[in-house]
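Data first, discussion second: the structure below is written as structure tokens.
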Amino acid sequence: MNKDILKGNWKELTGTLKETWGKLTDDHIAEIDGKREKLVGKIQREYGISKDDAEAQVDALEKKLKEKTSS
């Protein structure tokens with residue numbers, strides 16, 4: 001997946017991120033700043049899930065975003 005999807009749309013995605021992962025605060029989102037690895041790490045820590053599970057969730061979001069922009 002193209003890492004630029006998150007970075008390029010970061011400002012627009014903040015609401016979607018909060019909806020998807022409600023435990024992420026504005027401070028978390030500011031710290032992540034569009035960096036995929038940081039997003040995965042924050043999800044992993046805040047939700048107590050494995051890195052693989054967090055990656056799968058981010059992959060699903062990226063796929064959804066890619067489909068939305070392709071339509």
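Values in this text are rule-based calculations from the coordinates and carry no lab data. What you see is a predicted model; the values in this text were computed from it and never measured. FYI the Cβ positions are ideal-geometry reconstructions off the backbone, even for glycines, and counts take in every protein chain you see.
Details
- A simple count of charges around Gln44, restricted to other residues whose Cβ falls under 13 Å of its Cβ and scoring Lys, Arg +1 and Asp, Glu -1, yields +1.
- Computed from Cα atoms, the angle from the helix 51-70 axis to the main principal axis of the chain rounds to 20 degrees.
- Taking the chain and dividing mean pair separation by its residue count, relative contact order in percent (alpha carbons under 8 Å, at least six apart): 32 percent
- In a reduced charge model with +1 at each Lys and Arg Cβ and -1 at each Asp and Glu Cβ, the chain shows a dipole moment near 120 debye about its Cα centre.
- Cα-based helix-to-principal-axis angle, 36-47 vs the chain, degrees rounded to 10: 40 degrees
- Calculated P(r) tail over 20 Å for the chain, as whole % of Cα pairs: 20 percent
- Using alpha-carbon coordinates, inclination of helix 10-20 to the longest axis of the chain, degrees: 60 degrees
- Linear extension gain, Thr14 paired with Lys66, 0.36 nm per residue minus alpha-carbon span: 17.1 nm
- In the distance distribution for the range 22-63, Cα-Cα pairs more than 11 Å apart total 61 percent.
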